[in-house]
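These notes concern the structure reproduced below.
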Amino acid sequence: MTKELEAPEILGEVDYRTPLAGLEHVNVIPRDVTILSTPPSSSKDLHADDLSWDELRNIIETNQLQLLKRRPHDLRNYLRWKHWVEETRTRAGVLEFLVVERLHWVDEARSSDTVLEVTPPANPVFMANVREDLKILKNDFPYALAPGIVHVVVWTKAKIPVAENGDVTEEARTLIQKYVDSTFTDLFASTAEAKDGILWFKNWAALQSIPALAHFHVLLHNPDMRRLEQLYNTGGIQV
């Protein structure tokens, strides 16, 4: 069930002197206020502040995932969209929007006007049935990435095994790496390009915007977009 409210207008650049303009009814955490308050770069290069491939590799290898951030205007539009979704999807907010409108993973027989039930995995063991239990989607609100870098999200009905410290278990990490290699390698012209052109990470719990549904992120450097688009809305390659 949804409320009939008009989707928020997409706003342009943020004035860092009034960072909360346009967000009057939105709860904004201090980290996001800092991003919205950042003055524009003095460089004439529009992408001067975007994260390069080498920077992304270093952030992921050192597990400094808090350094991944959106451009101020993208962040403001994301916060406005998220607030709108939470106000209009009365059963489960952003999760409801995702499983109903993007993933089509809602169990209609068990859902009601007040309760949303996600379709259970065909196999509860992570990566056991990627065709039914995983889905690749383009990230609608990507981080500030240099041109040529594409950000996709792999959603999974089965939970990703994590260790006591909250990080992915070594077994799950190995499975994800094999899946990423087999699913995305063909998007590149050569083996060398494939090896250097793919990164993946799973956000810590504190950084997840939708913690109720397991997922991990894949970054691709100058992939074959025609082939990549053929992967969207599929589960990828079984490992």
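The values are calculated or read from the model by the stated rules, or taken from the named source; none is laboratory data. Being a predicted model, the structure only gives us computed values, none of them experimental. For neighbour counting, all protein chains shown are included, and Cβ atoms are generated from backbone atoms with ideal geometry for every residue, glycine included. Accessible surface areas use protein heavy atoms only, side chains included; no ligands, DNA or RNA. Shrake-Rupley method; radii C 1.70, N 1.55, O 1.52, S 1.80 Å.
From the list R70, R80, R102, which residue is open to solvent by 40 Å² or more (accessible area, probe 1.4 Å), closer than 19 Å to D140 by Cα and in contact with a Phe, Trp or Tyr (Cβ under 6 Å, 6 or more places away or on another chain)? Write out each step before concluding.
Working: R80 fails: in contact with a Phe, Trp or Tyr (Cβ under 6 Å, 6 or more places away or on another chain); R102 fails: in contact with a Phe, Trp or Tyr (Cβ under 6 Å, 6 or more places away or on another chain).
From the options R70, R80, R102, the qualifying one is R70.
Kindly provide the set of residues from segment 46-91 that are outside any helix (DSSP H, G or I) and among the acidic types (D, E), ordered by number.
The answer is D49, D50.
Which residue is most open to solvent (accessible area, probe 1.4 Å), if the candidates are limited to segment 214-228 and must be assigned to a helix (DSSP H, G or I) and farther than 14 Å from P147 by Cα?
Step one: of segment 214-228, the residues assigned to a helix (DSSP H, G or I) are 225-228.
Retained after the next criterion (residues that are farther than 14 Å from P147 by Cα): 226-228.
Working: R226: 139, R227: 100, L228: 0 Å².
Residue satisfying both the conditions and the ranking: R226.
For residues that are open to solvent by less than 10 Å² (accessible area, probe 1.4 Å) and under 15 Å from N129 (Cα atoms), scanning just segment 143-178, find the one that is farthest from the chain's Cα centre (by Cα).
Within segment 143-178, the match that is farthest from the chain's Cα centre (by Cα) is A172.
Condition test on A109, is it modelled with pLDDT under 95, within 13 Å of L213 (Cβ to Cβ) and among the aliphatic types (A, V, I, L, M)? First the steps, then the outcome.
On the way: modelled with pLDDT under 95: yes; within 13 Å of L213 (Cβ to Cβ): no; among the aliphatic types (A, V, I, L, M): yes.
Judged against the criteria, A109 is not a match.
Given the criteria open to solvent by 10 Å² or more (accessible area, probe 1.4 Å) and under 30 Å from R91 (Cβ atoms), does D181 qualify? Before the answer, list the steps.
Working: open to solvent by 10 Å² or more (accessible area, probe 1.4 Å): yes; under 30 Å from R91 (Cβ atoms): no.
No: the conditions fail for D181.
Has segment 124-131 got any residue that is open to solvent by 40 Å² or more (accessible area, probe 1.4 Å), in a helix (DSSP H, G or I), within 12 Å of G236 (Cα to Cα) and in contact with a Ser or Thr (Cβ under 9 Å, 6 or more places away or on another chain)? Before you say what the answer is, go through the steps one by one.
To start, the set of residues in segment 124-131 that are open to solvent by 40 Å² or more (accessible area, probe 1.4 Å) comprises 124-125, 128-129, 131.
Narrowing the set further to residues that are in a helix (DSSP H, G or I) leaves 131.
Add one more test, that the residue is within 12 Å of G236 (Cα to Cα), and what stays is 131.
Now drop any that are not in contact with a Ser or Thr (Cβ under 9 Å, 6 or more places away or on another chain), which leaves 131.
Scanning segment 124-131, I find at least one residue that is open to solvent by 40 Å² or more (accessible area, probe 1.4 Å), in a helix (DSSP H, G or I), within 12 Å of G236 (Cα to Cα) and in contact with a Ser or Thr (Cβ under 9 Å, 6 or more places away or on another chain), so the answer is yes.
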